[in-house]
1. Express in nm, to one decimal, how much length is gained between residue B:40 and residue B:288 on full extension, taking 0.36 nm for each residue of separation and deducting their alpha carbon distance.
2. So the label point goes 7 Å from the Cα of residue B:77 along Cα→C-beta, right? Which residues of the range B:338-365 then have their backbone N under 14 Å from it?
3. Please give the peptides B:120-128, B:87-95, B:358-366, B:36-44 ranked by average Cβ packing (other Cβ atoms within 10 Å per residue), highest first, as a rough proxy for protection.
4. Find how many whole Å separate the alpha carbon centroid of the range B:310-331 from the alpha carbon centroid of the range B:341-385.
5. Counting only the backbone N, which residues of the range B:217-259 are under 16 Å from the spot 7 Å out from the Cα of residue B:386 toward its beta-carbon?
6. If a/c stays under 1.5 just call it rounded; otherwise compare a/b with b/c (prolate if a/b is bigger, oblate if not). Do that for the range A:1-48, with a ≥ b ≥ c from the square roots of the Cα gyration tensor eigenvalues.
7. For peptide A:38-46, compute the average count of partner chain beta-carbon atoms within 10 Å of each residue's beta-carbon.
8. Is the C-alpha gyration tensor of chain A telling us rounded, prolate or oblate? Criteria: a/c under 1.5 is rounded; beyond that, a/b larger than b/c is prolate, otherwise oblate.
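What follows draws every value from the coordinates through simple rules; no lab data is involved. Computed from a predicted model, the values in this text were never measured in an experiment. Cβ coordinates were reconstructed from backbone atoms using ideal geometry, including for glycine residues, and neighbour counts include every protein chain displayed.
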């Protein structure tokens, strides 16, 4: 389930299938056991236009290994069996889901134990059918909110999201940054006018210091590219351990705060 | 017009509350970061459309700078050679910069100036849209960055030089198949990052609303002119119009004014490449091994993809037709049956270059040669009293390097 018990909560993104599916599962378990509240399992896509180079490369590696949406659902099910309480979000671009079939996907995701879904290129105005099937099967739709979104859009995004709202910290694609931008706090503050849902901030959140800063104004931090970049640099055999240690360091920032 | 699907959609997408739908196709499927910019663009475009001064300036520049109207030329020797329908060529190849692309680049640049955006980005496949964009940016003194796949930069190096000469920065894209699709991804990543200051001049009738509508509107001038011209020449409308379809901008411009004229056949010609297997062509509407509806780069249309929904690689001898999806309005025209879509192979296109060059003294772009190839097949089957119009969207100068490698002129 999606719950952030101690703030800031921690959402960890993994590109499923990079370096391989078994390691993805092990890394997710290590992240959870070291304090991750929610795991986002990323479905690799051939044209990840919202992503920076780190996640682009991870997607290419995962696709080269033949990773499919159905494989990600299998990993999701195994993860759910192993950790019944953790939040799990399936994170995908729209086309693999459209090809699989939206309704079929919703049922399969529910059966696999996912709590929610985030579709990168789905905006609220286009989401009527998507929301309908999400509600039917009881999955939380999570929408992105951007620094450029005017208030009326933030309101619609907040009202149509469940579980949490994913606030984008800055303009641009995913990727690590040395500093968080001023945009970050403003979008969270504006969202808070419209919702009591937890707000998780992502894009560029990459260090224990960032997580600590995010904790000052948001409910959770989403860490993606920093994890995926670490996976890229580490042998598959050592990846779970490395992810576990890194997640622990991210949580350490909170404990020391 | 009926929009009955002639194929089985794997997952009908929702009835959308977004304008800019073409039947069930089109829409807006983008990261939220771009939405404010798309809404701003939509509003600015609607305002410009309603402003007579905007049209006056655009029309003036189209006439004085771009060279409109383009001739509708009766191709007498080609007609005689093929022995069937009378063939007319709409000469978009005679426009400044060498292709139809400048109709749209100019329109969007005027819009960008109106919106106060000084930084322009664009993607390009064959380089014609990149050159057109670099040209209008030079004309208006704007900063210009063009994204181009590295494979296309190699194939169209002349256009890379032209863009740089015009003052644009050309950024190579190495990801994916390093062609048009990958250049669009990179341009969208730039836009998402610099959205507050940057105007994205998208080069085909693709992407999220309002682009497919806006790009079509700027190319509509092609069919407006050709309709008037054919009535002057023949006193009646043509029996068929043929245009090549990559993203589909020249085709939608050449077709648009004739859509209500049910007796005018509209024929789009896709890149048949070197085979019918996935990865060997860019024929999205091909019955077997073609595309199925999906979402790529912000719009719902036919997409060449594998069974897992991953976008397929494409191949064509012409860099400008080499795209995995197609403009959403074409998807609607296809499903409704108002337009039909066929393909020409690399070899047929190259042969058409030779035929048109030698019968009329016109060297077409490899993209446009696909339309000529269809005319070569079709005209002899039509009676001599029939009229076939071919949109020659661009000239072949940019392709001389490829033609030199691909064509053997020894002995003939």
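1. Numbers: separation 248, 0.36 × 248 = 89.28 nm, distance 4.03 nm.
Between residue B:40 and residue B:288, full extension yields 85.3 nm more.
2. B:354-364
3. Details: B:120-128: 29.1, B:87-95: 24.3, B:358-366: 20.4, B:36-44: 18.6.
Per-residue mean Cβ counts within 10 Å order the peptides as B:120-128, B:87-95, B:358-366, B:36-44.
4. Between the Cα centre of the range B:341-385 and that of the range B:310-331, the gap is 20 Å.
5. B:237-243
6. Numbers: a/c = 3.27, a/b = 1.67, b/c = 1.95.
It comes out oblate by the Cα gyration axes.
7. Values: counts 0, 0, 0, 0, 0, 2, 2, 4, 16.
Per-residue shielding by partner chains comes out at 3.
8. Numbers: a/c = 1.40, a/b = 1.04, b/c = 1.35.
Because its axes are fairly even, with a/c under 1.5, chain A counts as rounded.
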